[in-house]
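Here is the structure we will look at.
The values are calculated or read from the model by the stated rules, or taken from the named source; none is laboratory data. What you are looking at is a predicted structure, and each value in this text was computed from that prediction instead of being measured. Positions of Cβ are backbone-derived with ideal geometry, glycine not excepted, and every protein chain shown enters the neighbour counts. The area values use the complete protein model at the heavy-atom level, side chains included, leaving out ligands, DNA and RNA. Shrake-Rupley method; radii C 1.70, N 1.55, O 1.52, S 1.80 Å.
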Amino acid sequence: MSRIVYVNGEFLAEEDAKISVFDRGFLFSDGVYEVSSVIRGKLIDNERHLARLARSLGELNIKAPGTDEEIIAIQKEVVARNNLDEGMLYLQVTRGAADRTFLQPKDIEPSMVMFTQELCIINCPDTDIGISIKTIPDIRWQRRDIKTVSLLAQSMAKQAANDAGANDAWMVEDGFVTEGSSNNAYIVTDDNTIVTRNISNSILSGITRRAVLELARQNNMKIEERPFTPEEAENAMEAFSTAATHPVMPIVKVNDRILSNGKPGPIAAKLVDLYRKMALESIGEAD
Ligand code: PMP
């Protein structure tokens, strides 16, 4: 079934939507994006996604496409027009269209595009089973704190992991895990401490990371924010990843090592539960 997408002021059937060949997102990856999850037709943690969008735009000197209120109204309209119950709302802003030049044109209008995609966000079968990951060299640029649409290195990493029989890739730089191909990475050590890399330009500051660490703190779980090595991950009690589209994803295999007897560990499983409850409460729904 054809979706209704949003492109620069218009809601259109996906086959009628057009973006300029000269759009700098297309020519230079000169754009940023956000993915907010949708549960029971409601956007989850969306204010924080919009705050990160504003930061990404600011770091690249791209004009904001509107106020937060205007953007939220369009997001809700796209969700409603597609009758989306559960899935994601994708939002992309690029610097806009201009004759091709490496300089960044100052007086052009940004392009904004939004679309929805159905996905399982809570109560998903793969969360009960867990996934496998493979560590892959991190070949990305040095501003991973900006959520740019330049995702080729992540796509290559995920494909390489997949080709090697794993579900996802964790990227490694200078001997330490940075993050997953499209998620933040965590291990649990043998004294039940959750370890995840500290925020810096080396990783994206995940919105789900923040929510999950808040939940872990509220529930008196131990947290250490520091880089960890692939060897630590292979020998961890548990591992998991977080992202808006897979809030907490248990990991049961790292490279050739099986973790927690091949089943989601208790801490990951607890966080899956806590996140689901928190997300449902935030939209006034019962678990
Ligand atoms: N790191 C990377 C590289 C990502 O692409 C993502 C998801 N887009 C994340 C982390 C997780 O961010 P969030 O929790 O905000 O979805």
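Remarks
- A simple charge model with +1 on the Cβ of Lys and Arg, -1 on the Cβ of Asp and Glu and nothing else charged puts the dipole of region 125-282 at about 440 debye relative to its Cα centre.
- For the pair region 117-143 / region 202-217, the C-alpha centres are spaced 15 Å from each other.
- Counting only protein heavy atoms and a 1.4 Å probe, region 125-282 has 45 square angstrom of accessible area per residue.
- The residues Met1, Met171, Met221, Met237, sorted by heavy-atom accessible surface at 1.4 Å with ligands and nucleic acids left out, run Met1, Met237, Met221, Met171 from largest to smallest.
- Over all directions, the projected convex hull of the C-alpha atoms in region 137-234 averages 6.4 nm² in area.
- Val79 accessible area, assembled protein chains, probe 1.4 Å, Å²: 10
- Debye log10 I(q)/I(0) for region 1-46, one point scatterer per Cα, at q = 0.21, 0.23 Å⁻¹: -0.97, -1.02
- Pair-distance profile P(r), taking every C-alpha pair of the chain, with 5 angstrom steps and integer %: 1, 5, 12, 15, 17, 16, 14, 10, 6, 3, 1, 0
- Amide proton proximity set for Ser182, modelled H, under 5 Å, gap of 5+: none
- Evaluating 6.51 cos²θ - 1.76 cosθ + 1.60 at θ = phi - 60° for every residue in region 101-107, the Karplus couplings come out as 7, 6, 5, 9, x, 8, 9 Hz, glycine and proline recorded as x.
- Atom-type composition of the exposed protein surface of region 4-118 places 51 percent of the accessible area on carbon and sulfur (1.4 angstrom probe).
- Computed extension length for Glu70-Asp99: 7.6 nm, one decimal, from 0.36 nm per residue of separation with the Cα-Cα distance subtracted.
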